[in-house]
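Input: a single structure, listed below in structure tokens.
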Amino acid sequence: CDWSSDVCSSDLYFLIMDSSNDISLKLFCSSKLIYTSKKKWLYALFDLEEFLQTQNYERSSLTLEDKIIGKAAALLVIRLDITKVHAHLLSRPGRDIFDKYKIRYDFDRLVDKILCKTEDLLTDINDPDTACKIIRGMINS
């Protein structure tokens, strides 16, 4: 994938997602839907970060639902201080990040990796702030 393309994905993505639903990310407070995004790649998480900066939700009451979570997305979720996540498609490196940071998560499908340059670029990065700087650098270049 390239940075501006549709969500970086494996072929499994197309097998499990409902193509009629173009919402890529949902945020719930308790069980109430409070935010959605149709943006692709990691842009949805950066927009969510801006949204959360303007709100006063108790982070422990938030649950994130995302179509695809690889290592990059998992590291960005850590920065948002969201502790409950549902991924439709989760990569093993993303799962490892959630385990390391003790995030409660579940998923519909676990894959070895997301076929994306970002996942490859962050192979040796486990710090959320460092990952964010690298990703923002990619966006701004």
Can you find a residue in the range 39-55 that is within 17 Å of ILE114 (Cβ to Cβ) and assigned to a strand (DSSP E or B)?
no
Being touching a Phe, Trp or Tyr at 6+ places or on another chain (Cβ under 9 Å) and not hydrophobic (A, V, I, L, M, F, W, C) is the filter; apply it to the range 27-46 and report the residue that is farthest from LEU90 (Cα to Cα).
TYR35
Considering the range 63-75 alone, what residues qualify as being buried (at least 22 other Cβ atoms within 10 Å of the Cβ) and closer than 15 Å to ALA44 by Cβ?
LEU64, ASP66, LYS67, ILE68, ILE69, GLY70, ALA72, ALA73, ALA74, LEU75
Filter the range 119-141 down to residues that are among the acidic types (Asp, Glu) and part of a helix (DSSP H, G or I) and give me whichever is nearest to VAL77 (Cα to Cα).
ASP129
Test set (1) among the hydrophobic types (A, V, I, L, M, F, W, C); (2) in contact with a Gly (Cβ under 7 Å, 6 or more places away or on another chain); (3) surrounded by fewer than 17 Cβ atoms within 10 Å (Cβ to Cβ) - LEU121 fails condition number
(2)
Part of a helix (DSSP H, G or I) and closer than 21 Å to THR123 by Cβ, is that true of ILE68?
no
Evaluate the following for ARG79: is it modelled with pLDDT of 95 or more, part of a helix (DSSP H, G or I), open to solvent by 20 Å² or more (accessible area, probe 1.4 Å) and more than 13 Å from CYS29 (Cβ to Cβ)?
no
Taking the range 34-68 and keeping only residues that are out of contact with any helix residue (DSSP H, G or I) (no Cβ under 9 Å at 6 or more places or on another chain) and touching a residue at least 40 places away in the same chain (Cβ under 8 Å), one is left with GLU65
Confirm whether LEU89 is assigned to a helix (DSSP H, G or I) and in contact with an Asp or Glu (Cβ under 8 Å, 6 or more places away or on another chain).
no
Of the residues in the range 101-118, those that are open to solvent by less than 60 Å² (accessible area, probe 1.4 Å) and aliphatic (A, V, I, L, M) come to ILE103, LEU110, VAL111, ILE114
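The values are calculated or read from the model by the stated rules, or taken from the named source; none is laboratory data. Computed from a prediction, not measured in an experiment: that's the story for all the values here. Every residue, glycine as well, gets a Cβ built from its backbone with ideal geometry; the counts of neighbours run over all protein chains shown. SASA here: full protein model, heavy atoms, side chains in, ligands and nucleic acids out. Shrake-Rupley method; radii C 1.70, N 1.55, O 1.52, S 1.80 Å.
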